[in-house]
Every structure is written in C-alpha cells, then in structure tokens.
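A.B. asks: First, the structure itself, so that you have it in front of you.
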Amino acid sequence: MAKIKHNHFLDTIDKVLSQSKDQGISHLYSEDDFYTGRTFKINGQDLLNFGTTSYLGLAQDERLIKGAVEAVQKYGTQFPLSKAYISCTLYKEIEDLLFQMYGYPTVITKNSTLAHVGVIPSAVRDEDAVILDHQVHASVQNACQLLKPRGIRVEMITHSYLEMLERRVKELSGRYEAVWYMIDGIYSMYGDYAPIHELMELMEKYPKLHLYVDDVHGMSWAGKNGTGYIMEELAGKLHERMILVGTMSKTFGASGGLVIFPDGELFRKVKTFGGPLAFSAQLEPASLGAAIASAKLHLSDEIYQMQDELRERIQYFNDLLEEMNVPLVEKNLSPVFYIGTGMPATGQRFVQRMMKAGFFLNLGMFPAVPIKNTGVRITISRHNTMEDIKALAEAIEREYPITLAEEQVTINQVRNAFNMKVKEEEETYLPIADTHGLKLRYETSIISFDKENWNSLFKHNGNVEWDALAFLESSFIDNEQKEDNWGFHYFTIRDNKGNPILATFFTDGIWKDDMLAPQEVSRKIEQRRANEPYYLTSRVLAMGSFVTTGSHLFLDQKHPQWKEAFSVLLNELEKLQEKLEVQNILLRDFIGQETELNSYLVERGFLKLDMPETCTIPELTPWTCEDDYINTLSAKARRNIRKEVISKENDFTFEARDTITREELSEYIQLYKNVVEYNREINVFNYPNSFFENMIRSSKWEFLTLSYNHQVVAVVFSYKSSDNCYTPLLIGMDYDYLDQHIYKQMLYQFVKYAKKSDYKSMNLGFSASFEKKKLGADVFATQAYLQAKDNYSLEKIEMMMNGK
C-alpha cells in the first residue's frame with residue numbers, strides 16, 4: 001500500500017509568519033538611535049511600546065549600564081573558556097548574590113532555552129515519564145525531544161487540566177520511578193497563573209510526582225527580592241521534588257538563565273556536567289556586570305517600590321478594560337494581557353490598525369497559541385505612563401470593533417473561540433459587516449434539494465450525487481453504535497441573481513484521532529480500544545464523509561464573490577461546531593499545492609494536512625480488446641500485469657452481481673472486515689451492517705466477486721452513478737490467498753468490467769495508488785484543512801501522524 005505523507009505543520013507555520021512579516025507587523029527592525037524603553041521608531045513613526053518583557057524597565061537602569069561597562073573595561077568583551085575549566089571572576093559574585101535572593105544554589109546558563117536543554121535530560125532519568133502542559137513554553141517542549149531517543153515516555157495534557165493530570169499521574173506512577181509535570185509559572189501568551197497550590201497538594205498525594213517550572217515571565221515584578229511568582233506563592237520554600245527555572249534577562253534587565261535546585265545532589269550533578277552547560281560559551285562580562293548590579297537592586301527595598309509602581313499601572317489598565325467590551329482572555333495582576341481576535345487575519349488587521357494609531361503590540365499567533373486563538377499580547381511596564389495606558393485603552397476601544405466589522409467577525413465568535421461567556425445581544429454582525437447579497441441555504445437532508453440541480457454541480461464526481469447521499473442518510477441513522485450515526489449538513493450559496501457560487505455537504509460524527517497515523521501506531525492504539533472503544537477519538541465536522549470520494553466542494557473561484565461566499569460558509573461551520581460540540585472541523589480532498597484558496601484558509605485559522613493520494617481514471621480510453629487496453633500502459637506495468645495477473649486470470653472467476661442473498665452478504669462483510677483489521681492505512685470504524693444491507697435493496701449498488709476454486713476470495717462494493725462514473729468503493733479479501741495476487745487481479749478485472757459496461761470514468765479513491773497507477777489511473781496528491789478547538793487536539797494528531 002502507498003505510504004501516507006504526513007504534514008509536520010512547518011508549511012502552515014511558515015505561511016502564518018510570512019503573512020505577518022509581509023504585512024509589516026513582525027520581523028521588524030527598530031530605527032532608534034537611542035532607546036528609552038517607552039517608544040520604538042518603526043518606518044519613521046514613533047510607537048508607544050506595549051510589547052516589552054522588561055516589565056520593571058531595568059534594561060535602561062543607569063546602575064545596570066554602569067555595571068556592564070565596568071565589567072567590559074576590566075574583563076574584555078568575552079571570557080572564551082568553558083566553565084568546566086575556569087569561570088570568569090564575576091561568576092562567583094553573581095552566584096553568591098543569587099543564593100542570597102533565593103536561599104537555594106543556582107546554576108547560571110547562557111539563556112533559559114539552554115537551561116532547559118542542559119537540565120531536563122540530566123534531571124529526567126530513563127525510568128521516568130514526562131507530562132507536558134500543552135501551553136508550556138516551546139523551549140521546554142523542544143528540550144523534551146531529547147528524551148525520546150532514550151525511550152522516555154513524553155505525553156501532553158490539556159492546559160492546567162488538573163483532573164486529567166491526576167489521572168495520568170496515578171496511572172504512570174505504577175510503571176515509572178518519577179513522573180515529571182512541566183509547566184510555566186506565568187504563561188507567556190495569556191498571562192495566566194499556574195495553579196501552584198493545587199499542584200502542591202497533588203505532590204503530597206503522589207510521591208512520584210515531580211514539578212519542573214519555567215517562571216521566567218514571573219521574575220522580578222513578583223516575590224520577595226523579586227524571585228518571582230512561584231517563590232512568592234510558595235513563601236520562598238520550594239518543594240524538594242521541584243526544579244525552578246528563572247532568568248536574568250527580561251525583567252531582571254541583564255542576560256542569562258538560572259536554575260534553582262532545592263535538591264543539592266541534583267544541583268551538583270547538573271553543575272558538574274549538565275550537557276551543553278559544561279562546554280557552551282560563558283556569559284559575556286557585560287552581562288555578568290549588569291546581572292550583579294541588578295541582583296544588588298533586587299536585594300534592596302527599592303525592588304518593592306518598583307513592583308508597586310508596576311502593579312499600579314497593571315491595575316489601571318485592568319480598570320479601563322473592565323469598562324470596555326473586548327474579550328480579555330485572562331484577568332489578573334500579571335503584566336501580560338491577551339485580547340482575543342480569533343482568526344490570524346483578524347489579529348493581523350488589528351495589529352496593523354493599532355500600529356497606525358501609534359502603538360506597538362505583539363501578535364499572538366500559531367504555533368505559540370492555537371491557530372484560531374490568535375490575539376494581541378499587550379505587556380505593561382514601568383516605561384508606560386498612565387497617559388500612555390489611557391491612550392492605548394481608547395485606541396483599543398475604537399479600533400477593535402472596526403477590525404471585527406472589516407473581517408465580518410462577531411465578538412461572540414471570538415468569545416466562542418476562547419470558551420468565554422457569550423452575550424446574546426451581540427450575536428449579529430457589527431454595522432459595517434455585509435453579506436453582499438449572498439443567499440445561504442442550509443439543510444440537514446439532501447431530500448430538500450432538487451436532484452437535477454444538485455447533480456449539475458457535482459458532475460463526474462462518483463458517489464457525491466443526490467441518490468448516493470440519500471442512501472447514506474438512510475444507512476447512518478438509528479444504529480446501535482454511536483459512531484454509526486452521522487449528522488448531515490448541506491450548504492449552497494448563491495449570488496443575488498441566483499447563480500451558484502458554492503455548494504458542499506458535511507457530516508458530523510466520531511472519528512479516530514489516529515485515522516491517518518502510521519499503521520504501527522494505529523495497531524498499538526487498537527489494542528487499547530479492545531477495552532476502551534472510544535480511546536483517542538473526537539467528534540469531527542468534516543466535509544464529505546468516510547464513504548464518499550471525489551470533490552465534495554463546488555466553488556466557482558472565477559466569481560468575484562467566492563471569498564465572501566466561503567466566509568459565510570466558515571461562519572456557519574463555527575456555529576455548528578459550538579452547537580454540536582465537535583472538536584475539529586475538516587475540509588478535505590483538495591487537489592493542488594500553493595493556491596489562493598490555501599492562503600485564504602490559513603488566514604482563517606486552518607492548518608493544511610497531507611492526505612493519502614487519490615486515484616481516478618477520468619476517461620476510460622476506447623479499446624476493443626484487452627490488448628488495446630494493455631498497450632495503453634507503461635512497459636513495466638505491462639510486464640507486471642502479464643506475469644502476475646493475466647497469466648493467472650483463468651484460475652479465477654469474476655462476476656458482477658446486482659442481487660445477493662443475506663448469507664452471501666454476511667460472507668462479503670467478513671471479507672471487508674479482514675481488510676479493515678489487516679490494513680490500518682486509513683483507520684476508521686467498521687461500517688454498520690445497515691450500510692451493507694441497504695445495498696441489497698438499492699439499484700445503485702452492485703457486488704463484484706472474485707472466486708478461486710469456487711470460493712469467493714475477494715469482493716468489491718461498487719456504486720453506479722447516474723453520469724456513468726463507476727466507483728469501486730470498498731474491498732474485502734481473504735488474506736489466505738494473497739500469494740495469488742488477488743488484489744491486483746481484482747483491480748484488473750473491475751477496470752475491464754467498467755469499460756465493457758460503457759462507464760466513462762472511474763473514481764478509485766484513496767490508498768494503493770502504486771498498484772492503481774499501473775492500471776492507468778491518474779494519481780493526485782490531496783490536502784485537507786483542519787481547524788481544531790485547541791492546540792491539545794492538534795498536538796494529539798501531530799504526534800500520532802509522526803509515529804509518536
């Protein structure tokens with residue numbers, strides 16, 4: 001079978017970041033000759049700075065600058081030796097000062113990212129397991145990749161979901177010596193706090209639970225001696241099974257990372273040889289000099305005055321936002337604020353408008369946040385005056401609703417994206433929004449549509465025609481198993497003259513998260529599903545269905561309003577997503593690579609995924625005998641078919657049957673189940689018996705059988721469309737006869753049969769593209785576009801698709 005190509009999300013990340021760069025809101029250069037911290041000059045315009053992480057403004061403090069200058073004058077620009085041999089004189093002084101601040105020994109690193117790379121592989125042993133909070137900083141997640149080649153289990157849970165955490169800790173504690181949970185103290189995007197007190201209770205309850213905390217965004221502005229949010233909440237006393245990572249960058253005002261160890265032996269091991277910490281470059285003297293000056297300031301009472309000044313500004317901004325109708329994702333007293341915009345295009349436009357208004361903000365975008373949880377991160381610092389903060393709030397109040405209106409997004413759509421409370425009075429579009437006279441029709445049954453009209457939009461598209469969909473509706477309803485019951489959703493959008501622009505249909509139901517994962521991954525998961533049938537499954541709203549092939553979307557991209565029409569469709573899908581409580585929306589079976597539609601969907605928060613290749617014979621070339629057909633194939637294919645298929649053709653009996661008995665149907669269903677069990681390339685639930693039983697009663701279906709020694713060894717369930725397109729949809733086989741090349745024989749036989757029956761084209765669906773290509777099929781790479789409710793859903797899919 002053909003190997004599925006799995007997208008590693010890099011193309012989508014590149015697309016999202018490149019769009020922001022092209023729009024002039026990221027990857028910028030400041031043009032300042034002198035930096036005060038309060039403003040940036042960008043493209044000749046002075047912008048008030050609400051994007052810094054130097055929350056206390058210490059990077060411009062004269063004492064830190066003096067310390068850096070004097071250190072360079074004494075020790076030069078660098079100290080070019082490994083710390084395993086000798087450290088710069090200044091290291092001893094800063095280490096002593098940090099011990100006075102924290103009361104624990106610290107390891108100093110070049111930066112916090114290098115701290116994670118050095119500490120995590122040293123602290124986590126081969127017999128341990130790791131649980132990542134799905135919003136823990138990317139540098140922590142990347143460092144954990146180093147554990148996987150050692151066979152260490154690394155998994156992820158929903159953000160701050162303590163019940164889920166406890167379940168995993170309880171289960172993993174029986175198999176591993178230690179279970180590490182890795183979190184941020186203050187999360188860098190939303191600014192929300194880690195539930196540290198609840199975690200301490202869990203650590204007391206589960207002696208194997210260890211905690212690894214990155215608190216770089218909690219430093220200096222909180223805690224005694226500015227030691228950070230976590231130290232403040234724990235009254236300066238760390239649990240013995242904790243590791244705390246801080247920084248001398250950001251609010252501290254200098255440069256470098258630091259790691260605090262309540263376990264003295266672990267401190268000794270990491271300091272002696274913490275991977276790259278032993279052989280990487282030392283901090284430059286300038287950084288050490290600035291850090292010493294900052295540490296002395298932190299040990300003085302002045303730090304508390306600075307914290308109070310910042311807290312006053314934070315509270316003022318909170319008060320202003322309280323009076324406004326904007327979706328602030330997390331309200332607390334951290335200096336990080338996040339206002340949701342939902343889709344990347346909306347966030348990009350909002351940042352553009354705010355920059356034109358004179359404010360520099362950070363766009364929070366994928367992969368730092370879920371793609372549909374794009375928003376604007378605003379940071380408050382001591383550089384900001386009260387007048388600056390008030391001006392910022394007024395600009396947000398003015399520009400935010402205009403942005404939503406321009407993007408045809410309601411504030412309730414944004415609230416839904418962040419699981420925030422919806423206000424019913426805000427359900428309609430803002431005044432500027434306009435549907436441009438487009439007429440949307442939504443139905444839950446194909447019966448509501450005129451058959452001829454629907455089929456005219458989906459010509460030569462196999463089993464997407466009216467009759468096929470009516471058949472599916474009757475088959476996937478009122479079944480015993482919940483995965484066998486689907487909802488159907490039909491959409492058409494026309495312009496004000498009645499011309500069709502868009503038509504499609506969706507189904508909602510339960511999908512296996514590993515549907516496109518490597519087969520070895522699915523086989524392992526299926527072992528667990530023997531006792532937990534819905535393990536790693538999700539509710540999905542998907543274009544088309546499992547048993548339809550071809551294009552599921554009619555879209556007239558020559559029509560000037562096609563984007564507006566697609567926008568209307570996506571808005572309706574979001575409403576359905578909330579109503580049906582589905583995790584993911586999937587648009588599928590798009591052929592082609594970089595298109596205008598691709599860019600549009602990425603802007604709307606969809607992630608492109610590679611699907612299995614699809615195969616069609618768009619035109620059954622005229623031929624009068626088998627040799628004519630064989631001669632249309634490649635020389636290599638001709639040799640292969642003559643050797644493995646034609647030479648054994650007389651050993652088989654091929655039949656096409658319109659009617660079969662129930663006993664025969666039971667036999668054929670078992671052959672189909674053999675294939676499902678053996679081949680997990682596309683891992684779906686077994687289809688219900690009602691689906692197959694309805695085939696017996698339908699004139700649109702027939703059964704192709706291949707017999708060997710009077711025994712049926714292969715069967716194909718085929719759909720006959722009204723426009724002479726033949727769709728061999730499902731296959732069943734007896735794997736005891738694989739050495740007789742029954743799959744190739746069946747392929748060859750039904751292609752011949754379709755031609756002799758005067759069908760004009762064939763839709764051969766997914767998988768086995770290598771074998772189908774030999775028989776003259778065209779093979780197309782296909783893509784799907786996924787929109788997940790959160791990054792956790794994306795992470796599950798990505799990890800399984802990459803065999804993890």
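A.B. asks: Against the condition hydroxyl-bearing (Ser, Thr, Tyr) and part of a helix (DSSP H, G or I), how does residue 567 come out, does it pass?
C.D. replies: Details: hydroxyl-bearing (Ser, Thr, Tyr): yes; part of a helix (DSSP H, G or I): yes.
So residue 567 fits the description; yes.
A.B. asks: Among the numbered criteria (1) at pLDDT 95 or above; (2) surrounded by fewer than 23 Cβ atoms within 10 Å (Cβ to Cβ), which one does residue 405 miss?
C.D. replies: All conditions are met except number (1).
A.B. asks: If only one of 636, 579 is assigned to a helix (DSSP H, G or I), farther than 20 Å from residue 776 by Cα and open to solvent by 50 Å² or more (accessible area, probe 1.4 Å), which one is it? Steps first, please.
C.D. replies: On the way: 636 fails: farther than 20 Å from residue 776 by Cα.
Exactly one of 636, 579 is assigned to a helix (DSSP H, G or I), farther than 20 Å from residue 776 by Cα and open to solvent by 50 Å² or more (accessible area, probe 1.4 Å), namely 579.
A.B. asks: Looking at region 582-633 only, could you name the residues that are at positive phi and assigned to a strand (DSSP E or B)?
C.D. replies: Listed by number, the list holds a single entry, 589.
A.B. asks: Would a scan of region 326-346 turn up a residue that is open to solvent by 10 Å² or more (accessible area, probe 1.4 Å), touching a helix residue (DSSP H, G or I) at 6+ places or on another chain (Cβ under 7 Å) and of a type in the set (Val, Ile, Thr)?
C.D. replies: Yes: region 326-346 contains one or more residues that are open to solvent by 10 Å² or more (accessible area, probe 1.4 Å), touching a helix residue (DSSP H, G or I) at 6+ places or on another chain (Cβ under 7 Å) and of a type in the set (Val, Ile, Thr).
A.B. asks: Something else about it: Filter region 367-384 down to the residues that are under 22 Å from residue 318 (Cβ atoms) and of a type in the set (A, V, I, L, M, F, W, C), then identify the one that is surrounded by the fewest Cβ atoms within 10 Å (Cβ to Cβ).
C.D. replies: Ranking the qualifying residues of region 367-384, first place goes to 369.
A.B. asks: Report, by residue number, each residue of region 169-197 that is of a type in the set (A, V, I, L, M, F, W, C) and in contact with a Ser or Thr (Cβ under 9 Å, 6 or more places away or on another chain).
C.D. replies: 179, 183, 186, 194
A.B. asks: What is the residue count in region 15-33 for residues that are hydroxyl-bearing (Ser, Thr, Tyr) and either open to solvent by 70 Å² or more (accessible area, probe 1.4 Å) or more than 22 Å from residue 600 (Cα to Cα) (or both)?
C.D. replies: Going through region 15-33, the residues hydroxyl-bearing (Ser, Thr, Tyr) turn out to be 18, 20, 26, 29-30.
Retained after the next criterion (residues that are either open to solvent by 70 Å² or more (accessible area, probe 1.4 Å) or more than 22 Å from residue 600 (Cα to Cα) (or both)): 29-30.
Residues that pass the stated criteria total 2.
A.B. asks: Residue by residue through region 541-553, note down the ones that are at pLDDT 90 or above and open to solvent by 10 Å² or more (accessible area, probe 1.4 Å).
C.D. replies: We begin by selecting, within region 541-553, every residue at pLDDT 90 or above; these are 541-545, 552-553.
Matches in region 541-553: 553 only.
A.B. asks: Suppose we keep only residues that are surrounded by fewer than 16 Cβ atoms within 10 Å (Cβ to Cβ) and small (Gly, Ala, Ser) within region 445-484. Which one would you say is farthest from residue 553 (Cα to Cα)?
C.D. replies: Within region 445-484, the match that is farthest from residue 553 (Cα to Cα) is 474.
A.B. asks: Now a separate question. Among the residues of region 630-658 satisfying the criterion of being touching an Asp or Glu at 6+ places or on another chain (Cβ under 9 Å) and of a type outside the set (A, V, I, L, M), which is nearest to residue 768 (Cα to Cα)?
C.D. replies: 657
A.B. asks: Of the numbered conditions (1) open to solvent by 60 Å² or more (accessible area, probe 1.4 Å); (2) in contact (Cβ under 8 Å) with a residue 24 or more places away in the chain, residue 530 satisfies every one except a single condition; which is it?
C.D. replies: Status for residue 530: all satisfied but (2).
A.B. asks: Of the residues 598, 679, which is over 30 Å from residue 18 (Cα atoms), open to solvent by less than 30 Å² (accessible area, probe 1.4 Å) and modelled with pLDDT under 90? Reasoning before the result, please.
C.D. replies: Numbers: 598 fails: over 30 Å from residue 18 (Cα atoms).
Criteria check complete, one pass: 679.
A.B. asks: Within region 354-366, count every residue that is part of a helix (DSSP H, G or I), buried (at least 18 other Cβ atoms within 10 Å of the Cβ) and touching a helix residue (DSSP H, G or I) at 6+ places or on another chain (Cβ under 9 Å).
C.D. replies: Residues flagged as part of a helix (DSSP H, G or I), buried (at least 18 other Cβ atoms within 10 Å of the Cβ) and touching a helix residue (DSSP H, G or I) at 6+ places or on another chain (Cβ under 9 Å) within region 354-366 amount to 1.
A.B. asks: Does residue 313 satisfy being under 32 Å from the mean Cα position of the chain (by Cα), open to solvent by 40 Å² or more (accessible area, probe 1.4 Å) and farther than 30 Å from residue 144 by Cβ?
C.D. replies: no
The values are calculated or read from the model by the stated rules, or taken from the named source; none is laboratory data. Everything quoted here is computed from the prediction, not taken from an experiment. So basically every Cβ, Gly included, is an ideal-geometry build from the backbone, and we count neighbours across all protein chains shown. For the accessible areas, the whole protein counts, side chains as well, though only heavy atoms, and no ligand, DNA or RNA atoms are used. Shrake-Rupley method; radii C 1.70, N 1.55, O 1.52, S 1.80 Å.
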